Amino acid sequence: QVQLEESGGGLVQAGGSLRLSCAASGSIFKINAMGWYRQAPGKQRELVAGITRGGSTNTADSVKGRFTISRDNAKNTVYLQMDSLKPEDTAVYYCYADMSSRDYWGQGTQVTVSS
């Protein structure tokens, strides 16, 4: 089994920063893509950013220039640096990991941005 544990969420004022971390543990062979989705109340889950094992990234237009995704393959960990946060970034953030053509998900971490 593989577990993903997220940390770093919380309450922040608009314009502030947070850094999310997601560490994978368990029966890990090789993790391919990792990344983050988010889901706001009443909305569908949307991709925030993804990163391949080789370091190629894709980022949603809504967060480009403000959010940066990175990973540490040795630690099986993915990070999301979130700067210049806006109230519309408020959501539950979920990390995922693609391993052996199967997606694993974290339990989610709440990010709340106050105006």
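The values are calculated or read from the model by the stated rules, or taken from the named source; none is laboratory data. Being a predicted model, the structure only gives us computed values, none of them experimental. Every residue, glycine among them, receives a Cβ derived from its backbone with ideal geometry; neighbour counts consider all protein chains shown. Just the protein is used for accessible areas: all its heavy atoms, side chains included, with ligands, DNA and RNA removed. Shrake-Rupley method; radii C 1.70, N 1.55, O 1.52, S 1.80 Å.
Charges on Cβ only, +1 for Lys and Arg, -1 for Asp and Glu, centred on the Cα centroid of the chain; of S7, T109, V78, which one is farthest towards the dipole's positive end? Comparing the listed Cα positions along the dipole, V78 ranks first.
Net charge in the neighbourhood of A14 (other residues with Cβ under 11 Å of its Cβ; Lys, Arg +1, Asp, Glu -1) is -1. Taking the accessible area of the chain, probe 1.4 Å, and keeping the other protein chains in place, the carbon and sulfur fraction comes to 45%. Using the alpha carbons alone, the radius of gyration of the chain stands to its Kirkwood radius in an Rg to Rh ratio of 0.96. Each Lys and Arg Cβ is given +1 and each Asp and Glu Cβ -1; about its Cα centre, the chain then shows a dipole of about 160 debye. Cα centroid separation, the range 79-115 to the range 62-77: 11 Å.
Other residues whose C-beta falls under 11 angstrom from the C-beta of R53 contribute a net charge of +1, scoring Lys and Arg +1 and Asp and Glu -1.
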